1. Compute the distance from the alpha-carbon center of region 38-69 to that of region 73-101, in whole Å.
2. Where does region 44-124 land on the Kirkwood hydrodynamic radius, alpha-carbon pairs, in angstrom?
3. Mind listing P(r) for region 57-99? All alpha-carbon pairs, 10 Å bins, whole percents.
4. Rounded, prolate or oblate: which fits the chain when a ≥ b ≥ c are the square roots of the eigenvalues of the alpha-carbon gyration tensor, with rounded for a/c under 1.5 and prolate only if a/b beats b/c?
5. By how many degrees, between 0 and 90 and to the nearest 10, does the Cα long axis of helix 3-12 differ from the longest principal axis of the chain?
6. Expressed in nm to one decimal, what extension gain is obtained for the pair Glu64 and Glu27 from 0.36 nm per residue of sequence separation less their Cα-Cα distance?
7. Can you pull the three principal axis extents for the Cα set of region 82-158, in Å, largest first?
8. Within the chain, how many Lys pairs sit with Cα atoms under 19 Å apart, leaving out pairs fewer than 8 places apart on the same chain?
Amino acid sequence: MNVWNEKRKRQVTQLIIYKKMTIDDIEEVSKMEERCFSMPWSKDAYEQALQCDDVVYVVATNEERIIGSCGVRNILSEGEITNVMVDAPFRGQKISYPMLQMLLEEGKKIGIEQFFLEVRAGNKPAISLYEKCGFQVEGVRKNLYEMPKEDGLIMWKR
């Protein structure tokens, strides 16, 4: 077997598990958040969110650790999606789509009928993912983001 096939074989055999986030996952998720975002949520913010009945977070794990996470909060049957992330070494491996699909299903279980999110206008991979999941751009918030300053797109899945 040549080297390319051996590398490909190792990549294919990695198992990704998607599950609801628990309190035990917060430490690892908050560290990943620090790596992924210029203005990360704190560990306390995650702890508070998970204590609410109207909030669901899911994580993607490989055989070693958590490699992705996202959440949704139910606001009068509208789901605000937050903190969608995949750790840098695992981006581009089709992890976020099934993770987001699971989040949408879990959101429906807590009464969410439509979903919305905000995304940096320059984050083309994320925008493409959200469009694949059925979201459409319905507005722009000028200078929403800091570090660096950037507009935010408001996307809805109705």
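Only the coordinates and a few stated rules stand behind these numbers; no lab work does. A quick note: this is a predicted structure, and the numbers were derived from the prediction, not measured.
1. Result: 11 Å between the Cα centres.
2. This gives a value of 13.3 Å.
3. All Cα pairs considered, the percentages come to 28, 48, 19, 5.
4. prolate
5. The angle comes out at about 40 degrees.
6. 11.8 nm
7. 35, 30, 18
8. Lysine pairs, 8 or more places apart or on different chains, close enough: 22.
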